[in-house]
Amino acid sequence: MRTESPQIQNFIDGQFTEPTGGKYLDNIEPATGKPYSHLADSDARDVDAAAAAAEKAFVDWSKKPAVERSKLLLRVADLIERDLEKLARAESVDTGKPLSLARTLDIPRAASNFRFFATAILHTESEAHITDNVAFNYTLRQPRGIAGLISPWNLPLYLLSWKIAPAIAVGNTAIAKPSELTPMTAYMLCEIVREAGLPSGVLNVVHGTGPNVGAVITAHSKINTISFTGGTVTGRKVAEACAPLFKKVSLELGGKNPNIVFADANLDAAIAGSLRSSFANQGQICLCGSRVFVERSAYKDFVAHFIEKASQLKMGDPLDEKTDQGAIASKTQLEKIKFYVDLAQKEGGTVALGGKAPELINERCHDGYFFQPTVITGLPVSCRTNREEIFGPVVTVTPFDSEEEVIKYANDCDYGLASSVWTQNLTRAHRVAEQINTGTVWVNCWLVRDLRVPFGGMKQSGVGREGGEEALRFFTEPKNVCIAK
Ligand code: TXE
């Protein structure tokens, strides 16, 4: 098992291959700011080769009995678990996230993703409709062909496996394009699928940039299904590329998620939950609750305790077991975070905690991309800082006076991905959940994930849903067969 290989090659037709153009990009370690490997800087010729391999493999793979596909995906899940420590370390080095987080969140979830869909395809039900004495109808849900799977840098293997598993479980073949910022675990997954015995061409991974590889995938005539996770700006480009080709597209995009704390909440639970939803993965999870709203009578108490707990989060070298807060994934993202903290102060906000890079972590991380957990108070509800996605360890905390008011604040947003509501009045919880315009509403919890539920966002947070039945239906084509009696 290669872990920190100097060159991350493409995986096409079951083989590791050089990019046709022979070029490689630096792969930077966020904790040090220095290149530690290189990834293929691929282009259309590599995507064409992957499409040819995927097309060839589709003939047999789409006809393979579900139980055979299931066995192979279960083997992949087992091998991910076998290599958990190596994968977790690779993910931590590649993204800057704490090793402890990669070990407990990212990699176990990647195994669960494969295991979930490997078993889901064994239990799907089919619909039949009897038309009086006229006809018998049944619905076939057949694999669509080649799926293009494009993923971001914040949860690399977690999110890529969330696409690969359902796409190939139902009988499609796939071309995956991981973020050029975090290619390592996708590369390691290729060795795992080969060891598991996945037939050549079922999964192909083409590394490279958005314009040179991602855009080629979305425009490719042989790739008829696109599943994208990333920023809203890029999501719009993906949708524009797919529309004229009538491709089926799923978009999981950005968020600016409200986290609502009523005065009757269990405040200790709300503070512990808000700490996670604010700063997990350095706030680089699109589901993070970056807009915290607290009922006025509890506001002072919440802010004081929340800041006290946040100040105890341990910033450090991601590879240090005691680290809670690692590095930001890229220099670009770090600059974006600094810009918004500066903007927040220009918009009248007060930096109540953090707001800058920490003291030197250690010599190894001297040039790494670090930023303190940051809490900003005193902002107007609808300023830019409260409307635009920052995607870092930065939250705003704002008081509210009534349920109606906070629902208006929560919904006054271009995004609609997720929200949290903390209250011990469950009648209120149901009432508020119905009125908040987000794809997920967590009540007295955050990031509790059942893989059967629909997952995704409204408005500029995306189109479509992943997870469970939704994913199986997205990656298949329904066909009505109507037989006269
Ligand atoms: O950018 P990009 P990032 C959101 C998160 C944040 C953003 C971070 O909120 O805003 O994504 O994503 C490829 N055609 N989510 O910085 O550009 C690119 O190479 C085709 C929401 O990575 O969106 C990379 O592989 N592809 C999400 C991928 O798109 C293109 C969870 C994403 O990159 C392309 C995670 C193009 N023209 C992050 N340009 C959720 N809702 O779950 C780039 N790419």
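The values are calculated or read from the model by the stated rules, or taken from the named source; none is laboratory data. What you see is a predicted model, and the numbers here were worked out from it, not measured in a lab. Cβ coordinates were reconstructed from backbone atoms using ideal geometry, including for glycine residues, and neighbour counts include every protein chain displayed.
Check off (1) surrounded by fewer than 22 Cβ atoms within 10 Å (Cβ to Cβ); (2) within 11 Å of the ligand (Cβ to nearest atom); (3) under 19 Å from the mean Cα position of the chain (by Cα) for Asn281 and give me the number that stays unchecked.
The number of the failed condition is (1).
Determine which member of the set Glu434, Glu359 is in a helix (DSSP H, G or I) and either without any contact (Cβ under 8 Å) to a residue 24 or more places away in the chain or crowded, with 17+ Cβ neighbours inside 10 Å (or both).
Glu434
With a cut-off of at least 2 residues that are farther than 16 Å from Val205 by Cα and touching a His at 6+ places or on another chain (Cβ under 9 Å), name the strands (runs of 3 or more DSSP E) lying wholly within region 1-54.
24-29
Any residue that is within 14 Å of the chain's Cα centre (by Cα) and more than 24 Å from Lys331 (Cα to Cα) - is there at least one of those in region 250-262?
yes
Restricting to region 347-379, name every residue that is in contact with a Cys (Cβ under 9 Å, 6 or more places away or on another chain) and on the phi < 0 side of the Ramachandran plot.
Once the filter is applied, which keeps residues that are in contact with a Cys (Cβ under 9 Å, 6 or more places away or on another chain) and on the phi < 0 side of the Ramachandran plot, region 347-379 yields Glu347, Gly349.
With the condition kept exactly as written, say whether any residue in region 380-387 is of a type in the set (Ser, Thr, Tyr), part of a loop (DSSP other than H, G, I, E, B) and farther than 18 Å from Gln325 by Cβ.
For region 380-387, residues of a type in the set (Ser, Thr, Tyr), part of a loop (DSSP other than H, G, I, E, B) and farther than 18 Å from Gln325 by Cβ: present.
Specify the residue that is surrounded by the fewest Cβ atoms within 10 Å (Cβ to Cβ); the eligible residues are those in region 437-463 that are over 28 Å from Thr104 (Cβ atoms) and among the aliphatic types (A, V, I, L, M).
It comes out as Met458.
Suppose we keep only residues that are hydrophobic (A, V, I, L, M, F, W, C) and surrounded by fewer than 19 Cβ atoms within 10 Å (Cβ to Cβ) within region 216-240. Which one would you say is farthest from Gly171 (Cα to Cα)?
Filtering first and then ranking leaves Val233.
Can Ala243 be described as surrounded by 23 or more Cβ atoms within 10 Å (Cβ to Cβ), more than 7 Å from the ligand (Cβ to nearest atom) and either without any contact (Cβ under 8 Å) to a residue 60 or more places away in the chain or of a type outside the set (A, V, I, L, M, F, W, C) (or both)?
Here the answer is no, as Ala243 does not meet what is asked.
Tell me yes or no: at least one residue of region 150-157 is away from the ligand (no atom under 16 Å from the Cβ) and buried (at least 24 other Cβ atoms within 10 Å of the Cβ).
No, the conditions are met nowhere in region 150-157.
So is Cys286 touching a strand residue (DSSP E or B) at 6+ places or on another chain (Cβ under 9 Å) and either at pLDDT below 95 or assigned by TED's automatic domain parsing to the domain that holds Pro393 (or both) or not?
Criteria met by Cys286.
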